[in-house]
């Protein structure tokens with residue numbers, strides 16, 4: 001057995017894999033610290049009447065706990081955690097692409113058009129539904145959520161290129 005418990009070149013690759021796996025947990029932990037720091041810059045309020053920083057602080061703390069769990073799992077794993085990040089199914093890439101497109105389109109095209117397109121892509125790619133089912137469900141879901149948020153909850157949603 002060599003210095004630091006390593007046997008040979010294969011063990012050096014394991015250390016590299018451990019470093020890669022741990023870097024993800026550390027990155028999320030740093031993000032959580034930044035979220036908590038920023039949340040503390042605005043009023044927290046109380047549990048009964050939360051302020052603007054309450055929920056970001058709770059989410060930052062939750063992210064920090066999950067980051068520590070991820071770090072522990074990667075470091076405790078005999079294989080050093082998996083560094084394979086490319087998805088096995090291309091549908092995952094389609095979904096990520098449609099999420100990015102939805103974020104970009106949200107203010108420009110408006111809520112109804114963006115959510116209809118996003119739901120349609122998600123259902124068609126992931127659900128393997130017929131075009132008729134995709135069109136009906138994406139329109140129904142978008143219109144229902146628009147009515148719920150804009151009319152019932154009085155939350156302003158971007159109209160984009162549509163007149164309403």
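Listed by first and then second residue, the pairs with beta-carbon distance under 8 Å, at least 6 apart or on different chains, first residue in region 129-152 and modelled with pLDDT under 90, second not in a helix (DSSP H, G or I), are 149/155; 149/157; 150/156; 150/157. Screening 82, 98 for residues that are at pLDDT below 85 and closer than 30 Å to residue 21 by Cβ leaves exactly one candidate, 82. In this structure, does residue 136 turn out to be surrounded by 11 or more Cβ atoms within 10 Å (Cβ to Cβ), closer than 27 Å to residue 89 by Cβ and out of contact with any helix residue (DSSP H, G or I) (no Cβ under 8 Å at 6 or more places or on another chain)? Spelling it out, residue 136 is indeed surrounded by 11 or more Cβ atoms within 10 Å (Cβ to Cβ), closer than 27 Å to residue 89 by Cβ and out of contact with any helix residue (DSSP H, G or I) (no Cβ under 8 Å at 6 or more places or on another chain). In this structure, is residue 141 at positive phi and either touching a helix residue (DSSP H, G or I) at 6+ places or on another chain (Cβ under 6 Å) or not in a helix (DSSP H, G or I) (or both)? Considered against the rule, which asks whether it is at positive phi and either touching a helix residue (DSSP H, G or I) at 6+ places or on another chain (Cβ under 6 Å) or not in a helix (DSSP H, G or I) (or both), residue 141 comes out as no.
Taken together, 66, 44 contain a single residue that is touching a helix residue (DSSP H, G or I) at 6+ places or on another chain (Cβ under 6 Å) and either under 23 Å from residue 96 (Cβ atoms) or modelled with pLDDT of 85 or more (or both), which is 44.
Residue count for region 87-116, restricted to those that are within 17 Å of residue 147 (Cα to Cα) and part of a helix (DSSP H, G or I): 7.
The values are calculated or read from the model by the stated rules, or taken from the named source; none is laboratory data. This one's a predicted model, so the numbers in the text were calculated from it and none came from an experiment. Cβ sites come from the backbone with ideal geometry, for glycine too, and all protein chains shown count toward neighbours.
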